[in-house]
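A short write-up of the structure that comes next.
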Amino acid sequence: MTASAPLAELDQLYRDFETAHLNPLWTQLGDLMPMTPTAKAVPFVWQWSTLYPLAQRAGGLVPVGRGGERRAIALANPGLGGVPYVTPTLWAAIQYLGPKETAPEHRHSQNAFRFVVEGEGVWTVVNGDPVAMRRGDLLLTPGWHFHGHHNDTDQPMAWIDGLDIPFVHYTDAGFFEFGSDGVTDDSTPDVSRAERLWAHPGLRPLVGLDAEVSSPIAAYRWEHTDAALREQLALEDEGYGATTEPGHAAVRYTNPTTGGDVMPTLRAEFHRLRAGAHTRPCRAVGSAVYQVFEGSGRFRLGDEVSAVGKGDLIVVPSWTQWSIEADTEFDLFMFSDAPIVERLHLDRVHIAEGI
């Protein structure tokens with residue numbers, strides 16, 4: 001055998017691997033099993049001052065109805081090659097509904113929520129229950145619940161949607177079904193039936209005592225979120241340990257039947273930092289998206305610092321070092337894929353000692 005024969009045999013081996021649809025581990029170990037997570041998604045900031053005018057333009061040009069279903073514009077992470085995902089597990093979009101418009105009902109396997117940064121006058125109808133949408137409210141649409149939206153006013157309204165679309169797509173677990181061409185109940189109650197039954201702090205009705213996969217609370221209202229954050233900071237002023245860090249109040253929206261996250265694949269929280277407060281630098285497995293609800297501050301994402309204000313959306317990919325600094329009192333809504341990561345026991349967090 002000549003000296004070149006082993007190399008020729010090795011080349012043939014690799015060609016035969018390819019023909020047989022095989023791929024040897026030893027040629028790609030570093031890609032498949034890196035020393036630390038190497039996220040393809042990149043940190044990025046979408047400014048509300050750009051998003052909202054584009055949504056307005058779409059409102060004048062793109063109808064809502066069967067076919068497109070929703071006037072929702074997804075945030076496409078620049079690191080993910082043009083797919084409409086904010087991270088490999090999360091989907092986020094700005095949705096815009098014009099005056100007197102109705103988005104028809106449908107349902108899907110994917111879990112969804114709405115968060116309203118400004119405006120009111122739209123009702124989302126979830127399994128026939130009309131739920132008012134107002135500034136600061138978190139509204140849930142668990143998977144396989146029929147839902148549509150109707151705007152009862154003469155003014156447009158926009159909000160953000162968050163879903164687990166990429167995760168469901170990757171696992172080939174998605175189903176979709178059309179519902180009514182309108183909404184099954186176009187009434188406009190101040191309080192939904194789900195809230196009347198479930199949204200009483202610390203009190204659980206004695207109907208439906210089984211644990212539910214997703215929270216039965218249709219809307220987590222801003223007045224309760226605001227009060228909880230305000231009292232944490234007041235208790236801190238009085239010398240009690242009520243905040244996660246100095247000047248940093250935070251709450252997690254929970255499922256009252258389990259005490260866990262509001263939906264099996266999505267975590268939602270709200271954070272308030274006093275002016276001048278900051279968080280410690282942190283890395284975590286899993287990805288998160290923040291929206292500025294009020295105030296101004298800065299996000300340190302890796303080596304970059306971004307100034308952000310009301311409405312801006314910030315993505316923090318897996319294992320990116322990040323921290324937050326508040327210039328004014330700084331209110332932030334956050335959602336993440338933490339329930340998936342934790343249930344798979346892949347969670348890992350590293351918090352630095354200082355900033």
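The values are calculated or read from the model by the stated rules, or taken from the named source; none is laboratory data. If you're wondering where the values come from, they're calculated on a predicted model, not measured in any experiment. Neighbour counts are summed over all protein chains in view; Cβ atoms, including those assigned to glycine, are modelled from backbone coordinates with ideal geometry. The accessibility values were calculated without ligands, DNA or RNA, using every heavy atom of the protein model including side chains. Shrake-Rupley method; radii C 1.70, N 1.55, O 1.52, S 1.80 Å.
Any chance you could count how many residues in the stretch 153-184 are of a type in the set (Asp, Glu) and crowded, with 16+ Cβ neighbours inside 10 Å?
Filtering the stretch 153-184 down to residues of a type in the set (Asp, Glu) leaves 154, 161, 164, 172, 177, 181.
Add one more test, that the residue is crowded, with 16+ Cβ neighbours inside 10 Å, and what stays is 161, 164.
So the count comes out to 2.
If the requirement is being exposed (fewer than 15 other Cβ atoms within 10 Å of the Cβ) and outside any strand (DSSP E or B), which of these qualifies: GLU342, GLU353?
GLU353
Quick check on the stretch 275-294. Is at least one of its residues in contact (Cβ under 8 Å) with a residue 12 or more places away in the chain, among the hydroxyl-bearing types (Ser, Thr, Tyr) and open to solvent by 20 Å² or more (accessible area, probe 1.4 Å)?
Within the stretch 275-294 (the criterion being in contact (Cβ under 8 Å) with a residue 12 or more places away in the chain, among the hydroxyl-bearing types (Ser, Thr, Tyr) and open to solvent by 20 Å² or more (accessible area, probe 1.4 Å)), the answer is no, since none of the residues qualifies.
Kindly indicate the residue of the stretch 28-52 that is in contact with a helix residue (DSSP H, G or I) (Cβ under 8 Å, 6 or more places away or on another chain) and in contact (Cβ under 8 Å) with a residue 40 or more places away in the chain and also least open to solvent (accessible area, probe 1.4 Å) among those meeting that condition.
Across the stretch 28-52, the extreme among qualifying residues is ALA41.
Please determine whether any residue of the stretch 257-271 is modelled with pLDDT of 95 or more, among the hydrophobic types (A, V, I, L, M, F, W, C) and more than 27 Å from MET157 (Cβ to Cβ).
There is no residue in the stretch 257-271 that is modelled with pLDDT of 95 or more, among the hydrophobic types (A, V, I, L, M, F, W, C) and more than 27 Å from MET157 (Cβ to Cβ).
Taking the condition of being closer than 25 Å to THR254 by Cβ, open to solvent by 10 Å² or more (accessible area, probe 1.4 Å) and in contact (Cβ under 8 Å) with a residue 40 or more places away in the chain, how many residues in the stretch 143-152 meet it?
Within the stretch 143-152, residues that are closer than 25 Å to THR254 by Cβ, open to solvent by 10 Å² or more (accessible area, probe 1.4 Å) and in contact (Cβ under 8 Å) with a residue 40 or more places away in the chain number 2.
Out of all the residues in the stretch 189-203, is one or more open to solvent by less than 80 Å² (accessible area, probe 1.4 Å) and among the aromatic types (Phe, Trp, Tyr)?
Looking for residues that are open to solvent by less than 80 Å² (accessible area, probe 1.4 Å) and among the aromatic types (Phe, Trp, Tyr), one finds at least one in the stretch 189-203, hence yes.
Quick grid of which residues meet (1) at pLDDT 95 or above; (2) farther than 22 Å from THR124 by Cα; (3) aliphatic (A, V, I, L, M):
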{"residue": "ILE160", "(1), (2), (3)": "yes, no, yes"}
{"residue": "THR171", "(1), (2), (3)": "yes, yes, no"}
{"residue": "SER180", "(1), (2), (3)": "no, no, no"}
{"residue": "VAL183", "(1), (2), (3)": "yes, no, yes"}
{"residue": "ASP190", "(1), (2), (3)": "yes, no, no"}
{"residue": "ALA199", "(1), (2), (3)": "yes, no, yes"}
{"residue": "ALA219", "(1), (2), (3)": "yes, no, yes"}
{"residue": "LEU229", "(1), (2), (3)": "yes, yes, yes"}
{"residue": "GLU236", "(1), (2), (3)": "yes, yes, no"}
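I'd like the full set of residues that are under 17 Å from GLU195 (Cβ atoms) and of a type outside the set (Phe, Trp, Tyr), limited to the stretch 215-242.
SER215, PRO216, ILE217, ALA218, ALA219, ARG221, GLU223, HIS224, THR225, ASP226, ALA227, ALA228
Would you confirm whether or not the stretch 53-64 contains a residue that is in a loop (DSSP other than H, G, I, E, B), closer than 22 Å to THR38 by Cβ, among the hydrophobic types (A, V, I, L, M, F, W, C) and touching a residue at least 12 places away in the same chain (Cβ under 8 Å)?
To start, the set of residues in the stretch 53-64 that are in a loop (DSSP other than H, G, I, E, B) comprises 62-64.
The next check asks that each one be closer than 22 Å to THR38 by Cβ; those that pass are none.
No: the stretch 53-64 contains no residue that is in a loop (DSSP other than H, G, I, E, B), closer than 22 Å to THR38 by Cβ, among the hydrophobic types (A, V, I, L, M, F, W, C) and touching a residue at least 12 places away in the same chain (Cβ under 8 Å).
So how many residues does the stretch 2-46 have that are outside any helix (DSSP H, G or I) and of a type outside the set (Val, Ile, Thr)?
18
If the Cβ limit is 9 Å and pairs must be 6+ apart or interchain, which residue in the stretch 106-120 that is free of Cβ contacts under 8 Å to residues at least 40 places away in the same chain pairs with which residue that is in a strand (DSSP E or B)?
Pairs that qualify, where the first residue is free of Cβ contacts under 8 Å to residues at least 40 places away in the same chain and the partner is in a strand (DSSP E or B), are GLU120/ALA132; GLU120/MET133; GLU120/ARG134; GLU120/MET157.
Within the set of pairs 6 or more residues apart or between chains, which connect a residue that is more than 27 Å from MET334 (Cα to Cα) inside the stretch 163-189 to a residue that is assigned to a loop (DSSP other than H, G, I, E, B) with Cβ atoms less than 6 Å apart?
Cβ pairs passing all conditions: GLY179/PHE146; THR184/GLY128; ASP185/GLY128; THR188/ASP152.
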